[in-house]
Every structure is written in structure tokens, then in C-alpha cells.
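First up is the structure itself, then whatever we jot down about it.
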Number of protein chains: 2
Amino acid sequence: MTAARSAPHTWLHLPANHPFGIAHLPYGAFAPPGDPRTRVGVRIGDAVLDLVGAAVQLDPRLVPLIEGDNLDRLLAAGPETWAATRAAVAGWLTDGEARPIVEAHLFELAAVRLELPFTVADYVDFYSSEHHARNLGRILRPGQEELPPNWLHLPVGYHGRAGTVVVSGTDVTRPSGQRRTADGEVVFGPTTRLDIEAEVGYVVGVPSPLGSPVPLGAFADHVFGICLVNDWSARDIQGWEYQPLGPFLGKSFATSVSAWVTPLAALDAAWVAPPPRDPRPLPYLDDADAAPTGLDLRLKVRLNGHSVARPPFAQMYWTGAQQLAHLTVNGASLRTGDLFASGTVSGPEPGERGSFIELSWNGAEPITLPDGQVRTFLEDGDEVVITATAPAPDGAVIGLGEVRGRIVPAH
Amino acid sequence: MTAARSAPHTWLHLPANHPFGIAHLPYGAFAPPGDPRTRVGVRIGDAVLDLVGAAVQLDPRLVPLIEGDNLDRLLAAGPETWAATRAAVAGWLTDGEARPIVEAHLFELAAVRLELPFTVADYVDFYSSEHHARNLGRILRPGQEELPPNWLHLPVGYHGRAGTVVVSGTDVTRPSGQRRTADGEVVFGPTTRLDIEAEVGYVVGVPSPLGSPVPLGAFADHVFGICLVNDWSARDIQGWEYQPLGPFLGKSFATSVSAWVTPLAALDAAWVAPPPRDPRPLPYLDDADAAPTGLDLRLKVRLNGHSVARPPFAQMYWTGAQQLAHLTVNGASLRTGDLFASGTVSGPEPGERGSFIELSWNGAEPITLPDGQVRTFLEDGDEVVITATAPAPDGAVIGLGEVRGRIVPAH
């Protein structure tokens, strides 16, 4: 292994407000330069710590709980190991005696290859922003009720394709499929309405047995952390296929996740009360008397380098804890690596919408970027980057790992 | 290992028309009596052959391609290995010299524990019986078009929950969830409309890369074989939740599959032309000039021992090859262990319907069993068994592995 040489920021010299400072410490899977084997890394500043490499020398009892190609073993190990690992890393990064060993296992971020951080078991996508759901209702069902009748009673969701979840940085090929034209003809070809959905994903660590619902209060016993998600969507394919069984090929070609998973432990200062609900949810979803389960994340969507939206996550109607309680209330089991995403994050303002179908109002209101480019949906060569920040202790702010993807032409 | 003692049927003395005779040879995962480790088994008559145990002595070059807890490695190994393995087993069972070794690795079926035959990667469920889709349209949307506008243009499908696919014989706990009562109240409790869907599942062996559609003609390059599927459904939960993103908790509590996977090689005599399609499908789905991709399977559904339906599979509008071509036409990749199911198999006659919502016409026409029991949907303690037969060479018939499940009360 090669130590990072003259890294501009070491763990001792990071600015207090660095988005990947000591208050953050997210996990990912990486391969060092010249070594094809991936392993668990912890991001600190603009460097990646080889976690097992350091633990072998500094805390060998952790090794069997965290080793492997990716986070799978750490995820399965559960909250005690999660806490012990995080405490150990934080200790190494503040303990001068550990410094030489830690430095020997640090790699420059720019030099490593990042891979999918965990094996995705089942992928579920929710639809939990009221502003997004109302916008879609207005766009797709004008003159009708904005929200479906069930929407205020349960977090609407569906299963997506786990096998096509890809890590940030993976190019996305424009998918082809069936669509119906405005004059009713059914045609085949590359999608003409390629979109994004800016979302937050929850990563399940500890499984649950079949037949045992996970109540609201057990959220942190199962969920390890969060990532950012871009649920790429081909609106024309989706619009033609989705009745009556929901989205399928309009979504299944790719879903991008950030390379870094932020543990819940880094989000202690980010919990906020969710918006009031009316009607009051059924007991298994009622969090009125629980600790706050909303998260004050601020997302940002960039297209070709230009900021196009700043979706606020704190206003999501249904929270991750409610989504997990709903997902399992029928007895469905959880597996290590289950990923469930929030649904598109959109706020009440036009600049807070997390999809182009909303930002361009279904193409009727094109967006002009500062450099004069005009967009409704995505064009070949476009690159979308979603980032987010979260409050950290002492007024600091952390920055979640970005999710980045570039559109390449259809085959 | 213990050899089966005085098994009533050995591979030398099976009747020519035994459903698990030498023309069949399906694969599963089993643990012998007193040994917790599961392994690949081949069913022959009422016995199970420990495949790797026999291969170690009879054909060691096969061992690395087939060893493991279940079929995963064999599935990934591809068509050449599938053919070589099948030929080897058939040879052992007809070769008198191999008999002593084979007998030493045979176990009585009744004495072994059967497990899920493979690790389910993604699970997709289609909706490809025209009779079923029209029945559901008439029941759920009376007075409207029976089929959704897309139905005759593409095989409608959606992703289900891979983590709750269970092996035949696993009890199914009645799920709880939200439903809306006839007078519009939203309530929570055990489902009152628990149903089955009798289906055929296709098991993917060879993966495909992201961005590479699998054309109709490449079906057998990727699909290893078929199993039977019971897609348990809670109709009241499903009816309330499914707009606009499709079925979710109404299905995700359990999906049962048979313990035995029948390789395509055992179905050579079962291929039939699918029904004519109008309109003619788009080119990627057009099988008019291809070899027949329908399968002449005859399903049977038993409730508490009484036959209640005989759904014919040959009349499915969309075939497995078309479903696979559709599933991947947007570039979605395949993984070893992907499972895609046909959707409920229903024929044109009332006694050919593969779900109770059809058999009881949404509860309006209760079924009376020969012993006087009356059913609309399933009651606690009910047991459903789905079986099927397929034509084999020389006028013989094989019988697919059953899928069995019993309803236990909600927690």
C-alpha cells in the first residue's frame, strides 16, 4: 500500500467546517491505486482510510466484523459494532500516537477507485414528498384531486430493480423502450424524456425475520445510515407502461447512489420534527409522541455545473422511520443491504423541485442555464450531480457524498 | 452419508410415466437427515441424489461448477455445464456400473429438508394471461375497457420483493395492513381477502451486462429452467395501496416457489405456439417467425386437498422469451438468480382460473368444496398446493415440483 504523499489536507489540519471532517466519517468501498481488490474505506477530508488495514494494527478485534469487499459485514454487525468502529476511527484521527499508522493507510481520494458501497438486497422507492406528489398530480391528472386517496394515509412505495443500482460516477446510457406518441401511436426508440429524481436513501444493516414488523422506535436498530440517490426516470416509457402495476422499465435501467454512506451517528444534530399530518396516521405510523424522525438535509441539484434546484428534505411528509414501519407492517422481512429511498425531494418553491418534470413543468417551461443552454429533460452528454448538507454538532455542517451521473447516447 | 434403505422406487425400477422419471431430473437444494449443510440435489422418483457427492466419485471435473449450498454456481456456469451435468446424471442412472456409487448418495425424499433452491436476485412478476387480465378488468373496473391500453402492446410487469420468496412448504402468516372499508373508512388489521396467484417462474442462470438487451432468440442462453410460483396476494391491502405505483405490501409478505427447478432441457417436448397476437408486437417482441416459445404446461390448484382449478399455461398471451426481451430492452442487466414469473395463469373457462378473486368472482360466487366447506378467499388453516404437468418425449408426462403453503393466523 502507498501512503498519500503531501495530501493538501491531513486529518490534523482539516478546517473545522470541512464537509468530510471528523464529525462525518462516512463509509464506502474503494480500491487503492494499482490494487484491484476493494475494501472498506472511511472518508476523511479528501483522503480515504483503509479501515481494515488500520484496524489490523490499531484494533484487531474489529477486523472480523468489518473486513470484506464492501460494507456488507459492517452493516450486518449491528449498532454496537457500528458505534465501536466509529469511536475507534475518531480516536485514531485525534490520537497523535496512532498518526503514523493511520497515515500509512490513507490514500488520496482522487487516486482511488470507488465501488458500490454495499450489496443491494431489495430496493424500495417511496413517494413521500407532498409537494412532489401534488406537482405530479397537477401535471399528469389536471382537474383531478392532486393526491391519490391513499397518499395521506400511508407512504406510497414500490419495489425497484436492485441489480441496476450503480455507484456515483457510472455513466447512464439513455434507455430505449415503448412509448405512445401524442397522436396515439405506439413506437419504440430512445427515451425523449429522460429525467432525474433527487432522493435520500436509507441503508439497512440488521435484518429482521419474516413475520416481524419493525416498529417506528426500532428504526435505529436496523438502519445503518443514509446515502444520496438519483432515481433516473424515462418519463415517456413510464407513462405508457405504469398502469396498472406501477413503474417498471421507465426506472429499471439505472439508479445511482453515492459512494459514501453517512452513518446515523453522524446525523445526531440533523433530526427535526416532520410536518404536521392530517389526518392523524394509524398507530403504527403515528410518530406524534416519538423523538423527531425528520432529517434537516438540504439537497442541491447541479446540471452541467449549474445549480438548478435546492430541495429541502426536512419537509418530507413521511419519514424514514415511518417508511420502514410501513414496509414491514405486513411481516415482510429485512435483509442486510436493503435500500429504501425517500422518493423525489421537492419543496414548495419552484427552485426546490427535485426532478425535471417538475422544474420544466412537463416541458412547458424550459430551464435556461447561465451559459445559455436550454433544457426540459436531459440531453446526451448532460451531467447531473446531487449533493446535500446536514447540520453537525456545534453549528458545523457536513456534506453527504455526491451522486454523479452523465448521460451517454442510446446504443 | 446414509444411503436410502429399501427405497420403494429406485432409478432402475421407476414406472415409465413417473412424474420425476429419467426424462425430468429437476434440481433443488436439500439437507440430508442429521446434516445441517444444504447442497444440490437431483430428484429421481421419490429420492434425491446428492449431486456433488456422486460427482466426486463419478465425474470430478464437474464438482467445482456445481458445488455449494444451492444451485447458484450451477446456474452461473451456463448452458454447456447445464448440458454436461444433465447428461452425466442421466448416464449414472442408466449405467449399471455407476449404480453402487449413485445408490450410496441417494436419500429418501421424505427424509430430507428442502430449502430455497437458489438465491433470488431480482424478482419480477408479469401479468401475461389475457383471460386473467380481462377477468380482473371486469371485476375491478366494471363498465370500462377490460384491458389497460398498453396490455396488448407489452408484457405488463413490476418488481416484487426478492427477500420474501420462500420455498414450498413454508407456512404463510396472514398479513396485516391498511384497507379501506366499503363505507370509506381506513382501518388496520389482518387481511380479509387473502388470495393466491398460480404462476410459472423462470430462473435466470447466465447474467447479462448493463446496457445489453437480451433478444428473443437468446432466451435459452440465459434461462436455466422453470419452477412453480404462488404469488400470495392480500386483495384488500393491494386495492387500497396500489395507485399510482403498483402492488407493494399486498404482495411482499410472501411468494412461494417450488423446491424443484425443472431445466429447460426437460421441456423439449413441451414447446407450443403461443396464441395469435393482434396487434402484431413491435419487432423486439415479435416471435411470429421464431421457434415456438409457449409451454404446454397444465397447472392444477388444490385447496385442502380438493382440486379447484386447472389453469392451462399454453394460452398465455406473452411468453417467457418475450417477457425476458421486454425486461431487458431498456438495458437492464440480468443477474444469476433473477426470477421472473408469468403472472396468474387463467384459461377461458371458469374452472381454469388461477386465483380466488376470479374463482369466487370477487367473493360474489363462493366455492363449495366436495366436503361442504365454502370459500371466497382463504381462511386460516387452509392449505393450497399448485402442481403442473408437461409433455415429455415419447408421449410421456413429467410433473413439476409442487408449491405448497398453509395459512397461519395473523400475529
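Tell me, how many Å apart are the Cα centres for region A:159-188 and for region A:12-61?
Each part's Cα centre sits 35 Å from the other's.
Arrange the peptides A:95-102, A:150-157, B:381-388 so that the one whose residues have, on average, the most other Cβ atoms within 10 Å appears first.
Numbers: A:95-102: 13.6, A:150-157: 22.2, B:381-388: 20.1.
Ranked by mean Cβ neighbours within 10 Å, highest first: A:150-157, B:381-388, A:95-102.
If the label for B:Asn17 sits 7 angstrom from Cα along the Cα-to-Cβ line, what are its distances to the same label in every other copy, in nm to one decimal, shortest first?
Copy-to-copy label distances at B:Asn17, shortest first: 8.3 nm.
Grab the beta carbon distance between B:Asp69 and B:Arg99, set R0 = 41 Å, and tell me the FRET efficiency rounded to 0.05.
Values: r = 28 Å, r/R0 = 0.67.
E between B:Asp69 and B:Arg99, to the nearest 0.05, is 0.90.
What is the packing order of peptides A:214-220, A:68-74, B:123-129, taking the mean over residues of other C-beta atoms within 10 Å and listing the highest first? Intermediate values should be presented prior to the final figure.
Working: A:214-220: 18.1, A:68-74: 20.6, B:123-129: 26.4.
Sorting A:214-220, A:68-74, B:123-129 by mean packing, highest first, produces B:123-129, A:68-74, A:214-220.
How many angstrom separate the Cα center of region A:358-397 from the Cα center of region A:84-144?
One Cα centre to the other: 19 Å.
Quick one: Karplus J couplings for region A:68-74, per residue in order, coefficients 6.51, -1.76, 1.60, θ = phi - 60°, nearest Hz, x for Gly and Pro?
x, 5, 7, 6, 3, 6, 4
Would you mind checking which residues have amide H under 5 Å from B:Leu228's amide H? H placed 1.01 Å from N; only 5 or more apart, or other chain.
B:Gly201, B:Ser258
Per-residue Cβ counts within 10 Å, from other chains only, averaged over B:145-152: what number is that? Before the final figure, lay out each step's value.
Numbers: counts 0, 0, 0, 5, 5, 9, 2, 1.
Mean shielding count: 3.
Explain nothing, just the number: relative contact order of chain B, from Cα pairs under 8 Å at least 6 residues apart, as a whole percent.
Numbers: 994 pairs, mean separation 85.4, N = 411.
Worked out over chain B, it gives 21 percent.
Out of B:Gly177, B:Gly169, B:Gly294, any idea which swings most in a Gaussian network model of chain B, alpha carbons joined below 10 Å?
Its mean-square fluctuation being the largest, the pick is B:Gly177.
What is the dipole size for the protein assembly as shown, taken about its Cα centre, with +1 at each Lys and Arg Cβ and -1 at each Asp and Glu Cβ, in debye to the nearest 20? Before the final figure, lay out the partial values.
Values: 60 positive and 92 negative charges, 4 e Å.
So the magnitude is around 20 debye.
Could you please state, rounded to a whole Å, how far the C-alpha centre of region A:225-299 is from the C-alpha centre of region B:282-351?
Taking the Cα centre of region B:282-351 as reference, the centre of region A:225-299 is 33 Å away.
Name the residues whose placed amide hydrogens come within less than 5 Å of the amide hydrogen of A:Thr192, ignoring near sequence neighbours (fewer than 5 apart) on the same chain.
A:Asp236
Within region B:208-233, name every residue whose backbone N is under 20 Å away from a label modeled 7 Å from Cα of B:Asp289 along the Cβ vector.
Within reach of a label on B:Asp289, which here means backbone N under 20 Å from a point 7 Å along Cα→Cβ, region B:208-233 contributes B:214-220.
Give the peptides A:285-293, B:362-370 in descending order of average Cβ contacts within 10 Å, highest first. Mind dumping the intermediate values first?
Numbers: A:285-293: 15.3, B:362-370: 12.7.
Answer by packing, highest mean first, reads A:285-293, B:362-370.
Just name one of B:Leu114, B:Ala162, B:Thr181: the one whose Cα is farthest towards the positive end of the charge dipole of region B:89-231 (beta-carbon charges, Lys/Arg +1, Asp/Glu -1).
Comparing the listed Cα positions along the dipole, B:Thr181 ranks first.
Under the definition of partner shielding as Cβ atoms of other protein chains within 10 Å of a residue Cβ, what is the mean value for peptide B:171-178?
Values: counts 2, 3, 5, 2, 6, 5, 7, 10.
Neighbouring Cβ atoms belonging to other protein chains average 5 per residue here.
Shortest first and in nm to one decimal, what separations exist between A:Pro348 and its copies in the other chains, measuring from label points 7 Å along the Cα-to-beta-carbon line?
5.9
Considering only B:Ala83, B:Thr262, B:Thr387, whose Cα is most displaced toward the positive end of the charge dipole of chain B, charges sitting on Cβ of Lys, Arg (+1) and Asp, Glu (-1)?
Most positive-ward Cα: B:Thr387.
Select from A:Leu324, A:Val214, A:Thr336 the residue farthest towards the positive end of the dipole of chain A; place +1 on Cβ of Lys and Arg, -1 on Cβ of Asp and Glu, and compute about the Cα centre.
Checked the options; the winner is A:Thr336.
What is the distance, in nm, between label points placed 7 Å from the Cα along the Cα-to-Cβ direction at A:Asp183 and at B:Asp221?
3.7
Ordered shortest first, which distances in nm separate the 7 Å Cα→C-beta label point of B:Arg134 from those of the other copies?
Sorted ascending, the copy-to-copy spacings read 4.4 nm.
Need the list of aspartates and glutamates near B:Lys251 for cross-linking: C-alpha distance under 13 angstrom, and skip anything on the same chain fewer than eight residues off.
Qualifying aspartates and glutamates at Cα under 13 Å: B:Asp125, B:Asp195, B:Glu197, B:Asp231, B:Asp236, B:Glu241.
Counting C-alpha atoms alone, how compact is chain B: give Rg to one decimal and Dmax as a whole number, in angstrom.
21.3, 72
Mind listing the phi-derived Karplus ³J(HN,Hα) values for region A:297-310, rounded to whole Hz, using 6.51, -1.76 and 1.60 with θ = phi - 60°, and x for any glycine or proline?
8, 10, 8, 9, 10, 10, 10, 6, x, 9, 5, 10, 7, 10
State the dimensionless ratio Rg/Rh of region A:247-317 (Rg: radius of gyration of Cα atoms; Rh: Kirkwood radius). Walk me through the numbers before you get to the answer.
Values: Rg = 16.1 Å, Rh = 15.3 Å.
Ratio of gyration radius to Kirkwood radius: 1.05.
How crowded by other chains is B:236-244, given as the mean number of beta carbons from other chains within 10 Å of each beta carbon? Present the calculation step by step, with values, prior to reporting the outcome.
Values: counts 0, 3, 0, 1, 4, 9, 7, 8, 16.
What the average comes to for B:236-244 is 5.
With charges only on Cβ, +1 for K and R and -1 for D and E, what is the dipole size of region A:335-389 about its Cα centre, in debye, rounded to 20? Please report the intermediate quantities before stating the final value.
Numbers: 3 positive and 10 negative charges, 48 e Å.
For this selection, approximately 220 debye.
I need the phi-derived Karplus couplings for region A:248-263: 6.51 cos²θ - 1.76 cosθ + 1.60, θ = phi - 60°, integer Hz, Gly and Pro marked x.
Rounded to whole hertz, the list is 9, 6, x, 10, 7, 6, 5, 9, 9, 10, 5, 6, 10, 9, 8, x.
Can you give the Kirkwood hydrodynamic radius for the protein assembly as shown, in Å, rounded to one decimal and based on Cα pairs? Can you show the working numbers first?
Working: mean 1/r = 0.0358 Å⁻¹.
Evaluated over the protein assembly as shown, this radius sits at 27.9 Å.
Translational diffusion coefficient of region A:167-226 at 20 °C, 1.002 mPa s, Stokes-Einstein with Kirkwood Rh over Cα pairs, in µm²/s as a whole number. Present the calculation step by step, with values, prior to reporting the outcome.
Working: Rh = 16.0 Å.
Taking Rh from Cα pairs, D becomes 134 µm²/s.
Would you mind checking which residues have amide H under 5 Å from B:Gly294's amide H? H placed 1.01 Å from N; only 5 or more apart, or other chain.
Residues meeting the criterion, in which the H sits 1.01 Å from N, are B:Val272.
Every number in this text was worked out from the coordinates using simple rules, so none of it is lab data. As the structure is a prediction and not an experimental result, all values here were calculated from the model. Ideal geometry is used to build each Cβ from the backbone, glycine not excepted, and the neighbour counts take in all protein chains shown.
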